Amino acid sequence: MAIWGLVIETTVGVGERKHAEAYVLTHAEGTREEALEELERRARIHTPEHPRSPKRRRLFRERDGFLLVIDGAWQSFSTRFTVAELLDDSAAPTPPPPPVEVAPPEAEPDPADTVPPPSSTPPVERDVDGVPVRPAWWGRSDLP
């Protein structure tokens, strides 16, 4: 199933500092039409910061979204609402690993029937709690 980004591009600032900034409102799963319905709902209730005293509000439908134009006392401000399919997200959570099939436990062999293989390494001296007394790296000549 496709994941759609509901993106808003809105005018921020005033005067010479007026510019557009883009934000992802949310993500929607489903069909493009379902994402457009959610986007239209959000566009209809959206109240931008500017203008402070709106005189006229117009909402236009476009191919991939909506355009909201609000006329203020001196200037017009626009907000574009776009639906876009999410193709890649560097911050997306990694999917969980697939479940591992666990084999049924085999019957344990009788200890009397098994002979331990001959050991080529000497046994390691351990404390009462099982920790080796001498670390494995102790005395290695290949370490600095």
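The values are calculated or read from the model by the stated rules, or taken from the named source; none is laboratory data. Because the structure is predicted, anything quoted here is derived from the model rather than measured. Quick reminder, even Gly has a Cβ in these numbers, built from the backbone with ideal geometry, and neighbours come from all protein chains shown. Surface areas here come from the heavy atoms of the whole protein model, side chains and all, with no ligands, DNA or RNA. Shrake-Rupley method; radii C 1.70, N 1.55, O 1.52, S 1.80 Å.
At-a-glance table
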read-out	value
Accessible-area value, residue 131, 1.4 Å probe, nucleic acids and ligands omitted, Å²	70 Å²
Convex hull of the range 6-46 built on C-alpha atoms - directionally averaged projected area, nm²	3.2 nm²
Å² of accessible area per residue within the chain, as computed with a 1.4 Å probe and no ligands counted	84 Å²
Square roots of five times the Cα gyration tensor eigenvalues for the chain, Å	68, 24, 12
Accessible area in the full protein assembly, largest first, 1.4 Å probe, for 57, 63	63, 57
Inter-probe distance in nm under a simple model that places probes 7 Å from Cα toward Cβ, at residue 37 and residue 131	6.2 nm
Solvent-accessible area, 1.4 Å probe, carbon plus sulfur percent, for the chain	55 percent
Estimated [θ] at 222 nm from DSSP helical runs (n ≥ 4, -39500 (n - 2.57)) normalised by residues in the chain, nearest 500	-3000 deg cm²/dmol
Inverse of mean 1/r across different Cα pairs in the range 12-88, Kirkwood, Å	13.6 Å
Largest-first ordering by accessible area, 1.4 Å probe, given options 6, 36, 25	25, 36, 6
With Cα atoms, 0 to 90° folded angle of helix 32-45 axis to the chain main axis	60 degrees
Hz values of 3J(HN,Hα) by residue in the range 90-105 - Karplus curve (6.51, -1.76, 1.60), Gly and Pro given as x	5, 9, 5, x, 6, x, x, x, x, x, 8, 6, 9, 6, x, x
Top of 48, 97, 123 by mean-square fluctuation, Gaussian network on the chain, Cα under 10 Å	123
Heavy-atom accessible area order for 3, 45, 70, largest first, 1.4 Å probe	45, 3, 70
